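The values are calculated or read from the model by the stated rules, or taken from the named source; none is laboratory data. Being a predicted model, the structure only gives us computed values, none of them experimental. Every residue, glycine among them, receives a Cβ derived from its backbone with ideal geometry; neighbour counts consider all protein chains shown. What goes into the accessible areas is simple: the full protein's heavy atoms, side chains included, and nothing from ligands, DNA or RNA. Shrake-Rupley method; radii C 1.70, N 1.55, O 1.52, S 1.80 Å.
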Amino acid sequence: MQWSLVAAALGLVAPASALLRFGCAQLTVQRLDPLVNPGQAPSTHLHQIIGGNAFNVTMDPATLDIPSKATCTSCQFTEDFSNYWTATIFFRARNGSLKRVPQMAQAGMEQTNGGMVVYYMSDALFDTQQKSKVTAFKPGFRMLLGDAASQTFDQMKKYRQLSYTCMQNQGTRNNDTPYFPKSPCPGGIMINHYFPTCWDGKNLDTPNHKDHMAYPVGGTFESGAPCPSTHPVKVPQILLETVWDTRQFNKQADWPADGSQPFLWSTGDTTGYASHADYVFGWKDNSLQKAMDSHSYVTGHGLKTQSIAQQNKCTVPDMIREPLDGWLDALPGGMKPSPL
Ligand SMILES: *[C@@H]1O[C@H](CO)[C@@H](O)[C@H](O)[C@H]1NC(C)=O
Ligand SMILES: *[C@@H]1O[C@H](CO)[C@@H](O)[C@H](O)[C@H]1NC(C)=O
C-alpha cells in the first residue's frame, strides 16, 4: 500500500503516527506448518515463510522462547524473529503440468530474495488527534487468517480485506479483486493479507487459531471503529504484501482455452478464495510496543536494522526435500486442483 497516496486522498499531511513497513527475504519454502499442523512433516500443502530461524516443524509456545532460540531473521528489523507465512502459487499449463511461481521484491528493495513486505499499523495514522494506541502482541501469541478450505466468496468474506492486486507496474495499488485476476497482469500479482485487529486479551491462541481475534464493529480499523466487548484489546494491524512474479506466464496462448485463468494456490484452490496466512509472534522484549508508541512513520524509530544482503543470508534447512522447481506432474502433497 502506498501511504502517501492514501494520506493525500484523505487530505492528511504526512502522518506522524506509527506505521512500520519493512521487507523480509524468503526464509524457506517447504511443506511445514507449525501453527496448524505442529509436529507434522510434511504438512498438507506448501508454504513460503519469512522471519526468524527458530521456525521448525514444531514451535510449542510452552517450551520455545522464539527470540532467544533464533539467531537470525530474514526481516529488515533485527528484533523481529516472528514468522509469517502463506501458501504458494502455481501456474498450470494447458497439458496439466505445474510450475511454481517465483516471488518478487518490491520497488526500493530489489535485492531482496523473494519474501514479503510486512506492515504493522496503528489506527492513529488516521486520527489527527493522535489519541489512539495499540497494544503489541505478547510472547506465545499466534493467529491464522482466512480458510484454506474456502471455495466461495461468501466463505471468504468473513475475513475482511483478503485481496489480489493485478499489477500493471510496480506502483499499482488500486486494482483489487477477491479472486485471482482474470487476465494477465504485466507487473505480477500482489496478494494482500490484513490480519484482524481485536484481541480477547486473554488467549495467546485458540484451537482454531482464530477465536481469540475479531474485527472492529461499525467500521474498519482504519476508520478508528471500536473493538467488540468480547475482544476489547486493539492490536496493530498486520498487513502482508506478497508479489508473485507471473510475468513468464503471461502469454495468452499458454492460458486455458476456456477463458479461465491458470493460477492456483498450493492447496489446489483455483478460485483464490482459499487465501490464508499465519502469524507467530516473535519480537524481542518490548521492541514492537516501543516502535508502535514512538509514532514513527515507516522507519520504526529506535529499531535496529540490517542490510538486505544479511536478510538474504538467514534461511532454515529444507526438512522435507521434495521437488518444488521445474515442471511438476502434481502439486506437492498431491493436493488436487479444485474446482476443475
Ligand atoms: C528443528 O528441530 C529439530 C528437532 O528438535 C532440531 O534438531 C533442529 O535443530 C531444529 N532446527 C532449527 C533450525 O532450529
Ligand atoms: C507441458 O507444457 C509446458 C508448457 O508448455 C511444457 O514446458 C512442458 O514440457 C509440458 N509437459 C509435458 C509433460 O508435456
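List the strands (runs of 3 or more DSSP E) inside the stretch 65-114, counting only whole elements, that have at least 1 residues being away from ligand 2 (no atom under 16 Å from the Cβ).
On the way: elements: 83-87, 89-92, 98-100.
So the answer is 83-87, 89-92.
List the number of the failed condition for Thr172; all other conditions in (1) of a type in the set (S, T, N, Q); (2) in a loop (DSSP other than H, G, I, E, B); (3) modelled with pLDDT of 95 or more; (4) open to solvent by less than 30 Å² (accessible area, probe 1.4 Å) hold. So Thr172 meets the others, but not (3). In the set Asp258, Asp318, Asp285, Asp293, only one residue is open to solvent by 40 Å² or more (accessible area, probe 1.4 Å) and within 16 Å of ligand 1 (Cβ to nearest atom); that residue is Asp318.
For the stretch 22-30, the count of residues that are surrounded by fewer than 18 Cβ atoms within 10 Å (Cβ to Cβ) and either modelled with pLDDT under 95 or assigned to a strand (DSSP E or B) (or both) is zero.
Within the stretch 49-79, the residues that satisfy the criterion of being surrounded by fewer than 24 Cβ atoms within 10 Å (Cβ to Cβ) and polar (S, T, N, Q) are Asn53, Asn56, Thr58, Thr63, Ser68, Thr71, Thr78. In the set (1) under 21 Å from Glu241 (Cα atoms); (2) at pLDDT below 95; (3) open to solvent by 40 Å² or more (accessible area, probe 1.4 Å), the condition left unmet by Leu19 is number (3).
Among the residues of the stretch 80-125, those identified as touching a strand residue (DSSP E or B) at 6+ places or on another chain (Cβ under 6 Å) and among the charged types (D, E, K, R) are Asp80, Arg92, Lys99, Arg100.
Every test in (1) within 16 Å of ligand 2 (Cβ to nearest atom); (2) in a helix (DSSP H, G or I) is passed by Ala257 save one, and that test is (2). Applying the set (1) more than 18 Å from Ser43 (Cβ to Cβ); (2) open to solvent by 70 Å² or more (accessible area, probe 1.4 Å); (3) in contact (Cβ under 8 Å) with a residue 60 or more places away in the chain; (4) away from ligand 1 (no atom under 16 Å from the Cβ) to Lys336 leaves exactly one unmet item: (1).
Selection of first residues in the stretch 47-70 that are farther than 25 Å from Val101 by Cβ and of second residues that are open to solvent by 70 Å² or more (accessible area, probe 1.4 Å) and in a loop (DSSP other than H, G, I, E, B), restricted to Cβ pairs under 6 Å at least 6 apart or on distinct chains, gives the following pairs, ordered by first then second residue: Thr58/Pro38; Pro67/Lys284. Would you mention how many residues in the stretch 160-176 are more than 13 Å from Thr246 (Cβ to Cβ) and in contact (Cβ under 8 Å) with a residue 24 or more places away in the chain? Count: 7. Has the stretch 200-217 got at least one residue that is open to solvent by 40 Å² or more (accessible area, probe 1.4 Å), of a type in the set (S, T, N, Q) and without any contact (Cβ under 8 Å) to a residue 40 or more places away in the chain? Yes, some residue in the stretch 200-217 is open to solvent by 40 Å² or more (accessible area, probe 1.4 Å), of a type in the set (S, T, N, Q) and without any contact (Cβ under 8 Å) to a residue 40 or more places away in the chain. Of the residues examined, Asp123 is one that is modelled with pLDDT under 95 and touching a Ser or Thr at 6+ places or on another chain (Cβ under 7 Å). Hey, does the stretch 216-229 have a residue that's under 21 Å from the mean Cα position of the chain (by Cα) and part of a strand (DSSP E or B)? No, the stretch 216-229 contains no residue that is under 21 Å from the mean Cα position of the chain (by Cα) and part of a strand (DSSP E or B).
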